[in-house]
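As structure tokens, the structure follows; a few thoughts come after it.
Bear in mind that the values in this text are calculations on the coordinates, not laboratory data. Computed from a prediction, not measured in an experiment: that's the story for all the values here. Every residue, glycine as well, gets a Cβ built from its backbone with ideal geometry; the counts of neighbours run over all protein chains shown.
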Ligand code: HEC
């Protein structure tokens, strides 16, 4: 009586499984590609003001205390949605008013940014707030 599980069976499982998972992988890749933001949204980062604001964000190490869309440090509030939470004027006034010196509150340094740099920073935070994150974070306070 021949063995039920022959070499040919093993080979068929191997090739069949490989083809199945390659097709699954291609299907999922296609699905991801279709759900990615469209080209216009992706190239918003070519806006020079947003690029300049991103550079200010990076060179002043805001991420050393804050998170941006969950990435970063947990010392200070999430800033991915701060533009929606506070608006441009609050953000600029906030940057100028630091450190607050309020006893018992964590302090943020003064960065001495110019009006133009503040506008660029706000442009970057606005851009960040418009990234489609499927409504994350769920809480407007970040
Ligand atoms: C040394 C840590 C530190 C660094 C670096 C830092 N921050 Fe902050 N930031 C804080 C803390 C702490 C708070 C909250 C203070 C409070 O609530 O009294 C804060 C609050 C804020 C807020 C207000 C958030 C809100 O929800 O109202 C904004 C906007 C902000 N930071 C922007 C920035 C930007 C932009 C940079 C980089 C240029 C930066 N921060 C760098 C510590 C920091």
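Taking other Cβ within 10 Å of each residue's Cβ, how do 124, 90, 21 sort, fewest first? Present the calculation step by step, with values, prior to reporting the outcome.
Working: 124 26, 90 13, 21 10.
Ranking 124, 90, 21 by Cβ neighbours within 10 Å, fewest first, gives 21, 90, 124.
With springs only between Cα atoms under 10 Å apart, run a GNM on the chain and tell me which of 32, 59, 114 wobbles the most.
Largest GNM mean-square fluctuation: 32.
Taking the range 42-129, how much of its Cα-Cα pair set, in percent, is spaced more than 22 angstrom apart? Before the final figure, lay out the partial values.
Details: 743 of 3828 pairs.
More than 22 Å apart: 19 percent of the Cα pairs in the range 42-129.
What list do you get for 140, 56 if you sort them by fewest beta carbons within 10 Å?
Listing 140, 56 from fewest to most nearby Cβ atoms yields 140, 56.
Using only Cα atoms and rounding to the nearest 10 degrees, what angle (0 to 90) does helix 48-59 make with the longest principal axis of the chain?
With both axes taken from Cα atoms, the answer is about 90 degrees.
If you line up the long axis of helix 88-97 against the longest principal axis of the chain, both from Cα atoms, how many degrees apart are they, to the nearest 10?
For 88-97 against the chain, the angle is about 60 degrees.
How far, in nm, would the chain grow between residue 8 and residue 113 when pulled straight, counting 0.36 nm per residue and subtracting the alpha carbon separation? Intermediate values should be presented prior to the final figure.
Working: separation 105, 0.36 × 105 = 37.80 nm, distance 7.13 nm.
Contour length minus the Cα-Cα distance gives 30.7 nm.
In what sequence do 120, 115 fall when counting other Cβ within 10 Å, fewest first?
Details: 120 22, 115 9.
Starting with the residue having the fewest Cβ neighbours, the order is 115, 120.
Helix 7-35 sits at what angle to the longest principal axis of the chain, using alpha carbons and giving 0 to 90 degrees rounded to 10?
Tilt relative to the chain: about 30 degrees.
Can you tell me, using C-alpha contacts under 8 Å and at least 6 residues apart, the relative contact order of the chain as a whole percent?
Numbers: 121 pairs, mean separation 36.6, N = 142.
Computed value for the chain: 26 percent relative contact order.
Give the residues of the range 82-110 whose amide nitrogen is closer than 18 Å to a point set 7 Å from the Cα of residue 139 in the direction of its Cβ.
Under cut-off, by backbone N: 82-86, 106.
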